[in-house]
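> The structure that follows is given in the form of structure tokens.
The values are calculated or read from the model by the stated rules, or taken from the named source; none is laboratory data. It should be emphasised that the depicted structure is a prediction, and the values quoted were computed from it without experimental measurement. Please note: Cβ atoms are built from the backbone with ideal geometry, for glycine as well, and neighbour counts cover all protein chains shown.
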Amino acid sequence: MIPTTIDAARLLGALADLGRIGLDADGRRTRLAATDADRAGRDVFVARLEAAGLAVTVDRIGNIFGLWATEENAAEPPLLLGSHIDTVVNAGPLDGCYGVLAALEVIETLKEAGARPARPIAVAAFTDEEGARFAPDMLGSLVFAGGMALDEALAAVATDGARLGDELARIGYAGTVEPGHIRPAAYVELHIEQGPVLEREGFRIGAVENLQGISWQRVTITGQANHAGTTPMSMRRDAGLAAARTVAFLAERANQSNTPTVATVGRMSFAPDVINVVPARATFTVDLRDPDETRLREEEAAFAAQLAALEAEGFTVATEQLARFEPVVFDAGLVAAIEHAARARGLAVRRITSGAGHDAQMVARLCPGAMIFVPSIGGISHNPREATADADLVAGAEVLLDVAVRLAGIA
Ligand code: HGY
Ligand code: MN
Ligand code: MN
């Protein structure tokens, strides 16, 4: 018997359980990669995998896999589902977690129904998708897909100075399996949209056909410390002001363009960071994104020219590339299968571009990949107000179920 519904209460309960992990005294949910809070979330997930009777493996970059294989299908390459369970700071409960727990729910539902897949089905929770503590983002799936050497990834230094390899060992998730031990036949990731499009246009499902390019840089502008009271404005080399001008440059350029380009300065610090000292140094991050690689390069070039102009004014400027991923186009056949599954359930569906980065963009280097989106209320994400209607969470998981039935060859 092929199931057509999931256990909604079990999925919503699992999301609530995981959502309670990593809450600080102020109720802020933060499970940065390889922290104690991440370990707690990982432990809850592994316990669920084991309770579901899946074979659990952890690879050397800490990616967690739960595999459902039978004697008949074990030799076949598995269908891989999944996402991530690490979070940004003061995060919502759904980003990543929804895709991981819905994937597990789909496997449990199929197992309970006595389904006999022609291939194994696995669920993955990839390490450090957010990149909030260790850059680049999608680090675990990047290593899994062979896009970054394991040793380079393990040597990644956190914003707090820790080394990823040491942190994975400290939390007990420095696995023994070489990354890439699973060669999936296909990968499907269910995720909240994290943007306003589906809700605004009244769609229930997004069939994600592409994902925009991402460029992350850390910039350090050095000027000259001086007295805030005695130094005439004409004599200053104010690194803080130079940084502020740069932020304004990026925002104005993105706002004035009639393209989907987005620019974000998420982190900034001054030195010596004293009220009456003209900042000697400003350090900040720049996140540039565009679905078109040529435009993204144009934005990077325009930004570099802005920094060169600051150097001509007498500042010293240093940049470090923290992440750089070209846009990705997902597998047309999988996108069509997602659309078909949504329509068969009478769910309004549209094709959509992902503004956010996802593990799917990395795993798509190994096999046909695609994503399913559900609406985000108010388009809010990376914010504790992140939310999706329960009916949409269940609908998305059931579309994932239908796609999994088709891709796993369940007759
Ligand atoms: O940065 C991103 O888009 C993702 O949340 N890591
Ligand atoms: Mn995510
Ligand atoms: Mn995220």
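> Test A397 against the stated conditions and say whether it is within 18 Å of the chain's Cα centre (by Cα) and surrounded by 15 or more Cβ atoms within 10 Å (Cβ to Cβ).
No: the conditions fail for A397.
> Please go through segment 167-180 and pick out each residue that is more than 24 Å from L94 (Cα to Cα) and either touching a Pro at 6+ places or on another chain (Cβ under 8 Å) or surrounded by 14 or more Cβ atoms within 10 Å (Cβ to Cβ) (or both).
If the condition is that a residue be more than 24 Å from L94 (Cα to Cα) and either touching a Pro at 6+ places or on another chain (Cβ under 8 Å) or surrounded by 14 or more Cβ atoms within 10 Å (Cβ to Cβ) (or both), then E167, A169, R170, A174, G175, V177, P179, G180 are the ones that fit.
> When E167 is evaluated against the numbered criteria (1) more than 30 Å from I380 (Cα to Cα); (2) within 16 Å of ligand 2 (Cβ to nearest atom); (3) among the charged types (D, E, K, R), which criterion, by number, is the only one it fails?
Here E167 meets the rest and fails (2).
> If you don't mind, another one. Here are some residues: A135, A169. Which one is under 18 Å from H84 (Cβ atoms), assigned by TED's automatic domain parsing to the domain that holds G333 and out of contact with any helix residue (DSSP H, G or I) (no Cβ under 7 Å at 6 or more places or on another chain)?
A135
> Do we find that R324 is under 26 Å from the mean Cα position of the chain (by Cα), among the basic types (K, R) and within 30 Å of A186 (Cα to Cα) in this structure?
Judged against the criteria, R324 is a match.
> Among the residues of segment 383-411, what is the count of those that are over 21 Å from A207 (Cβ atoms) and part of a helix (DSSP H, G or I)?
1
> Taking the residues in segment 221-254 that are over 15 Å from Q306 (Cβ atoms) and of a type in the set (S, T, N, Q) as candidates, determine which candidate is surrounded by the fewest Cβ atoms within 10 Å (Cβ to Cβ).
Per the criteria, the residue is S234.
> Condition first: crowded, with 19+ Cβ neighbours inside 10 Å and not in a loop (DSSP other than H, G, I, E, B). Now tell me which residues in segment 20-36 satisfy that.
Result: R29, single match.
> Among the residues of segment 346-367, which ones are of a type outside the set (S, T, Y) and either more than 13 Å from ligand 2 (Cβ to nearest atom) or not assigned by TED's automatic domain parsing to the domain that holds V100 (or both)?
Across segment 346-367, the qualifying residues are G346, L347, A348, V349, R350, R351, I352, V363, A364, R365, L366, C367.
> In the same structural domain as L198 (by TED's automatic domain parsing) and more than 16 Å from ligand 3 (Cβ to nearest atom): which single residue out of A370, A312, A387, A301 fits that description?
Selected residue: A370, the only one of A370, A312, A387, A301 that is in the same structural domain as L198 (by TED's automatic domain parsing) and more than 16 Å from ligand 3 (Cβ to nearest atom).
> Still on this model: Considering every residue within segment 82-95, establish whether at least one is surrounded by fewer than 24 Cβ atoms within 10 Å (Cβ to Cβ), modelled with pLDDT of 95 or more and farther than 27 Å from A391 by Cβ.
Yes, segment 82-95 contains a residue that is surrounded by fewer than 24 Cβ atoms within 10 Å (Cβ to Cβ), modelled with pLDDT of 95 or more and farther than 27 Å from A391 by Cβ.
> Got at least one residue in segment 87-99 being without any contact (Cβ under 8 Å) to a residue 60 or more places away in the chain and either within 16 Å of ligand 2 (Cβ to nearest atom) or within 18 Å of A51 (Cα to Cα) (or both)?
no
> In addition: For the structure I just gave you, tell me whether M362 is in contact (Cβ under 8 Å) with a residue 40 or more places away in the chain, buried (at least 23 other Cβ atoms within 10 Å of the Cβ), within 23 Å of G266 (Cβ to Cβ) and within 16 Å of ligand 1 (Cβ to nearest atom).
yes
> Another question about this same structure. If I ask for residues that are in contact with a Lys or Arg (Cβ under 7 Å, 6 or more places away or on another chain) and under 25 Å from P196 (Cβ atoms), which ones from segment 264-290 would you list?
The one that is in contact with a Lys or Arg (Cβ under 7 Å, 6 or more places away or on another chain) and under 25 Å from P196 (Cβ atoms): T285.
> Please determine whether any residue of segment 337-349 is under 19 Å from the mean Cα position of the chain (by Cα), away from ligand 3 (no atom under 16 Å from the Cβ) and closer than 28 Å to L18 by Cα.
The answer is no, given that none of the residues of segment 337-349 is under 19 Å from the mean Cα position of the chain (by Cα), away from ligand 3 (no atom under 16 Å from the Cβ) and closer than 28 Å to L18 by Cα.
> Residues L139, L104, L67, L79: which one is closer than 21 Å to M362 by Cβ, within 16 Å of ligand 2 (Cβ to nearest atom) and either among the hydroxyl-bearing types (S, T, Y) or at pLDDT 95 or above (or both)?
Among L139, L104, L67, L79, only L139 is closer than 21 Å to M362 by Cβ, within 16 Å of ligand 2 (Cβ to nearest atom) and either among the hydroxyl-bearing types (S, T, Y) or at pLDDT 95 or above (or both).
> Could you check, for segment 40-62, whether at least one of its residues is over 20 Å from M362 (Cβ atoms), away from ligand 1 (no atom under 15 Å from the Cβ), surrounded by fewer than 18 Cβ atoms within 10 Å (Cβ to Cβ) and in contact (Cβ under 8 Å) with a residue 40 or more places away in the chain?
yes
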